[in-house]
Amino acid sequence: MESLPCQGCRGLCCGPVPVTSKELKRIKTKIKTMPAKLRLQLQNQKRFYGTCIFYDLDKDRCGIHAARPETCRKFGYYKHLVCFRNPAAATKEPEPFTEEFVGMLSVDFTWKDFS
C-alpha cells in the first residue's frame, strides 16, 4: 500500500470526522491514559475551525493515532476519501460503514467532552 504524504499537511484535511459510539469510547480511553502534560499541549493548540481537535500541530501528526476513527484509517486509500496530495493512492472501492455515527469530532464533540 502506498503511503500518504502527510508530513507538512498540518491536519488541514483532518476533520470534521464522523465517529461511532465505539470509536468515541476508544478515544475517551486514549485521552484518559494520555500524560496530562501531553493532553494539555494538544488541547491548547490553536486550530482552524473544523479541523480535528486531536491533530497535533506541533508534531504534525495525529495525536490519537492508535485510537483514530475508521474514517481516518480509510482516508486517502478509498475513492470517496481522496488525499489531494496523492489522489493516486485512493484505489479502493467505498465500503459501507458498519456502525451508525453519533456525531462529528470538532463539531459535536470538542475537548469539553473529553475532560
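Only the coordinates and a few stated rules stand behind these numbers; no lab work does. What you are looking at is a predicted structure, and each value in this text was computed from that prediction instead of being measured. Virtual Cβ from ideal backbone geometry, glycine too; neighbours counted across all protein chains shown.
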Across Lys22/Lys79; Lys46/Lys92; Lys32/Lys92; Lys25/Lys59; Lys22/Lys112; Lys46/Lys74, pairs whose alpha-carbon gap is larger than 30 Å: Lys46/Lys92; Lys32/Lys92
Nearest-5 percent of antiparallel DSSP beta bridges in the stretch 17-110? 75 percent
Derived scalar couplings ³J(HN,Hα) [the stretch 75-85; Karplus, 6.51 cos²θ - 1.76 cosθ + 1.60; whole Hz; x for Gly, Pro]: 4, x, 10, 10, 4, 8, 10, 7, 7, 5, 8
Quick one: what are the phi-derived ³J(HN,Hα) couplings along the stretch 56-61, Karplus 6.51/-1.76/1.60 with θ = phi - 60°, whole Hz, x for glycine and proline? 8, 5, 5, 9, 6, 6
Residue-ordered couplings for the stretch 100-113, obtained by feeding phi - 60° into the Karplus form 6.51 cos²θ - 1.76 cosθ + 1.60 and rounding to whole Hz (Gly and Pro as x), are 7, 7, 9, x, 10, 5, 6, 10, 7, 10, 10, 4, 4, 7
Isolated Cys in the chain by the 4.7 Å beta carbon test? Cys6, Cys9, Cys13, Cys62, Cys72, Cys83
Value of [θ]222 nm, deg cm²/dmol, for the chain, DSSP H segments ≥ 4, -39500 (n - 2.57) each, nearest 500: -6500 deg cm²/dmol
Under 5 Å from the placed amide H of Cys14, counting only residues 5+ away or on other chains, we find Cys52
Given backbone amide H placed at 1.01 Å from N, residues whose amide H is under 5 Å from that of Gly103, ignoring those fewer than 5 places away on the same chain, are Val19
Checked against the structure, the computed semi-axes √(5λ) of the Cα gyration tensor in Å among (i) 27, 13, 12; (ii) 23, 17, 12; (iii) 21, 18, 12 is the one labelled (ii)
Kindly put Tyr55, Tyr49, Tyr77 in sequence by how many other C-beta atoms sit within 10 Å of each C-beta, fewest to most. Tyr49, Tyr77, Tyr55
Quick check for me: using +1 on Lys/Arg Cβ and -1 on Asp/Glu Cβ, what's the dipole size of the stretch 17-110 about its Cα centre, in debye to the nearest 20? 420 debye
So what is the relative contact order of the chain, in percent, for Cα pairs below 8 Å that sit 6 or more residues apart? 38 percent
